[in-house]
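Below you'll find the structure, written out as structure tokens, and then a few comments.
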Amino acid sequence: MGDEAGSDFLPVYAPMLDGREEDYVVDCVRTGWISSQGAYVRRFEEGFAAWCGARHGVAVVNCTAALHLALLALGIGPGDEVIIPDFTLIASANTTLLAGATPVAVDVEEDTWCLDPKKVAAAIGPRTRAIMAVHMYGHPADLRALRALCAEHDLRLIVDAAQAHGVEIDGERAGALGDVTCYSFYANKVLTTGEGGMVLTDDDALAERVRLLRNQAFREPRFFHTERGFNYRLTNLQAAVGVAQLERADAIVAAKRDLAARYLPRLARIEGLQLPVERPWAKSVYWMIGVVLGPEHPPRDEVRARLQARGIGTRAFFHPMSAQPALEGSLRVPAQAPVSTRIGARGLYLPSSPGLGEGEVERVVAALEEALR
Ligand SMILES: Cc1ncc(COP(=O)(O)O)c(C=O)c1O
């Protein structure tokens, strides 16, 4: 996952694969169960759904596919609007457009960097059908406030939890607090299958619909189709890695939180640096340790280059949706988004592998202090 191959280069992320991943993958190869047919897929779906507190899990190729199926299964399409954060990965907008609907970009909160419920309320219009909330960098979005808005305006809540396996709200695992919750298992995610995704829901009919659309909308008789579907199936090989990850899930989340507990007090030494927060109702999984530079610091890309020269990998924060050339003319932007604009220009995240040692954390913080001078 590194930018560089140097032996002491610290990449932004390296997955923890020290459980039974290899044994289970070898089992698939030896038994010949390497496609999406195979026992690990169902084990992974059931195990992950249970761990997140949801009734159903449907495994798919990645989170982008999960979001696409979530929108389609909820019946969202042409003429509809979906509120998305202005600060997110472009998959939120792309999947909305793929479903034929219009994404509406709304600003995020100053401290959690997740959708701001007050700004969402102001953006709801007659065509709004759903809110797509993103748990940013491991901190949950304020789903209680967003659910209240959904109830008031008869909207559906899609939760993009790509970066937030294991987050809690009011002491409850947040896996089924939306109508549909979507996860990514890309190699830098809290739990990984290399590439992969999952749709979670408590709704039997929605789960059934996602399963159908995931698999070419096959019904009986098998090759006669009354609607169009996709091949978004996860393989047994990938699910085998997922099952092994799941056995270590609590330990991986604990390691992420422990990393934050070691980073944050050290980073607090640096004046003017904005750090990740944890709201009193939230349990963050600190997917990435993101920081936002203050006006007194050098430009973000200059700081990243200085860190890179010291062997420390970083990533820039997301570029706001409202400033994406690819979305010009297809995204509705009801109001300016000053928070997303500020953090998009001044934010970066630091090496955040769960296995990072004490000395490495100290090295990153010392290098950042120097890079900011
Ligand atoms: C917030 C968010 N949504 C969606 C995705 C897309 O996930 P995938 O790469 O599994 O399609 C990502 C990936 O990083 C993400 O960060």
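The values are calculated or read from the model by the stated rules, or taken from the named source; none is laboratory data. It should be emphasised that the depicted structure is a prediction, and the values quoted were computed from it without experimental measurement. Because the Cβ atoms are built from the backbone with ideal geometry, glycine has one as well, and the counts that use them run over all protein chains shown.
Every test in (1) surrounded by fewer than 18 Cβ atoms within 10 Å (Cβ to Cβ); (2) among the hydroxyl-bearing types (Ser, Thr, Tyr); (3) within 16 Å of the ligand (Cβ to nearest atom) is passed by residue 96 save one, and that test is (1). Filter the stretch 344-373 for residues that are in a helix (DSSP H, G or I) and of a type in the set (A, V, I, L, M) and give the result. Residues satisfying the conditions are 345, 361, 364, 365, 366, 367, 368, 371. Note on the stretch 196-232: residues that are within 19 Å of residue 47 (Cβ to Cβ) and within 16 Å of the ligand (Cβ to nearest atom) total 7. Within the stretch 153-188, the set of residues being near the ligand (Cβ under 10 Å from one of its atoms) and in contact with a Ser or Thr (Cβ under 6 Å, 6 or more places away or on another chain) comprises 161, 162, 185.
Residue 206 satisfies every condition listed in (1) over 26 Å from residue 315 (Cα atoms); (2) part of a loop (DSSP other than H, G, I, E, B); (3) in contact with a strand residue (DSSP E or B) (Cβ under 8 Å, 6 or more places away or on another chain) except (2). Just one of the listed residues (141, 130) is closer than 19 Å to residue 209 by Cα and in contact with a strand residue (DSSP E or B) (Cβ under 8 Å, 6 or more places away or on another chain), namely 130.
Sub-6 Å Cβ pairs linking a first residue in the stretch 150-167 that is more than 16 Å from residue 129 (Cβ to Cβ) to a second residue that is within 15 Å of the ligand (Cβ to nearest atom) and at pLDDT below 95, at least 6 apart or interchain, are 167/174, ordered by first then second residue.
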